[in-house]
Amino acid sequence: MEVMTPKAIENKSFEIITELLGDRIFLPDQEGIIKRVIHTTADLEYANSLYFSEGVVSIIQTALREGTLLVTDTKMARAGINERLLKKYGSEMRCFISDEDVTREALTRRITRATAAVEKAFQMDKPLIFVVGNAPTALLQLLKMIGEGASRPLAVIGAPVGFVNVVEAKDQLMASGIPCIVPRGRKGGSNVAAAIVNAIAYGCLDAS
């Protein structure tokens, strides 16, 4: 068995993905994202299920270059995102899910911590990009608050995974008019959400 460097393994993986996708043609700004999600999950179905609202990739790239705040719903999503690259452009990440005030608010009001974390995120006086890889309640809460007059985020990566309220939350997000990237259906996860962010950030680097 050939000993390969991590970079060589990644390059070979992308070659295999390209071969498996055959003659499929993707929009140039979406192709790298789709292939990176497939690389992360080994699931070719993402070639069909990833939804991109019009212009969303450009919107997120511009936001990253200008310095924005990405709020993740899980520590796992945050850990999977290339923070060094984001800092290169002046962007930063936060995850409020384990903050003491969020935990206290969730227990007091008997709501999920994801819901309370979204409420805290909206208190930040900064342009926001939400990165949701686990909790559909986070998506539902941010849509509820926007409907009640909260400032719209610059974009949302909505990739919760599971069986309860997942499809419904994604459908509402895609119908909301908010710039978003969404894996349709029940699939998703923190790894998928992080892969989407990383692919877009790498695109910023390639374009610089």
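On inspection, THR18 passes the criterion of being in contact (Cβ under 8 Å) with a residue 12 or more places away in the chain and out of contact with any helix residue (DSSP H, G or I) (no Cβ under 6 Å at 6 or more places or on another chain). Just one of the numbered conditions (1) at pLDDT below 95; (2) in a loop (DSSP other than H, G, I, E, B) is not true of GLY188: (1).
LYS7 falls short on exactly one of the conditions (1) assigned to a helix (DSSP H, G or I); (2) in contact with a helix residue (DSSP H, G or I) (Cβ under 9 Å, 6 or more places away or on another chain), and that condition is (2). Inspect all residues belonging to the stretch 138-151 and state whether any of them is within 14 Å of the chain's Cα centre (by Cα), in a loop (DSSP other than H, G, I, E, B) and surrounded by 17 or more Cβ atoms within 10 Å (Cβ to Cβ). Scanning the stretch 138-151 turns up no residue that is within 14 Å of the chain's Cα centre (by Cα), in a loop (DSSP other than H, G, I, E, B) and surrounded by 17 or more Cβ atoms within 10 Å (Cβ to Cβ).
The one condition from (1) in contact with a strand residue (DSSP E or B) (Cβ under 8 Å, 6 or more places away or on another chain); (2) closer than 22 Å to MET76 by Cβ that GLN141 does not meet is (1).
Scanning the stretch 65-93 for residues that are of a type in the set (Ser, Thr, Tyr) and touching a strand residue (DSSP E or B) at 6+ places or on another chain (Cβ under 9 Å) returns THR68, THR72, THR74, SER91. Does at least one position in the stretch 160-180 carry a residue that is aromatic (Phe, Trp, Tyr) and either within 20 Å of ASN82 (Cβ to Cβ) or outside any loop (DSSP other than H, G, I, E, B) (or both)? The answer is no, given that none of the residues of the stretch 160-180 is aromatic (Phe, Trp, Tyr) and either within 20 Å of ASN82 (Cβ to Cβ) or outside any loop (DSSP other than H, G, I, E, B) (or both).
When ALA159, ALA135 are checked against the criterion of being crowded, with 16+ Cβ neighbours inside 10 Å, at pLDDT below 95 and under 13 Å from the mean Cα position of the chain (by Cα), ALA135 stands alone in meeting it. Scanning the stretch 114-129 for residues that are in a helix (DSSP H, G or I) and not hydroxyl-bearing (Ser, Thr, Tyr), which turns out nearest to GLN61 (Cα to Cα)? Ranking the candidates gives ALA121 first. List the pairs whose first member sits in the stretch 75-95 and is under 13 Å from ARG65 (Cα atoms), whose second member is charged (D, E, K, R), and whose Cβ atoms are under 7 Å apart, counting only residues at least 6 apart or on separate chains? From residues that are under 13 Å from ARG65 (Cα atoms), the pairs are LEU86/GLU92; TYR89/ARG65.
A quick yes/no check of all residues on (1) within 26 Å of THR41 (Cβ to Cβ); (2) touching a residue at least 60 places away in the same chain (Cβ under 8 Å):
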| site | (1), (2) |
| --- | --- |
| MET124 | no, no |
| PRO127 | no, yes |
| ALA150 | no, no |
| PRO183 | yes, yes |
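The values are calculated or read from the model by the stated rules, or taken from the named source; none is laboratory data. Model, not experiment: these values are computed from the prediction. Here Cβ is always computed from backbone atoms with ideal geometry, including for glycine, and neighbour counts include all displayed protein chains.
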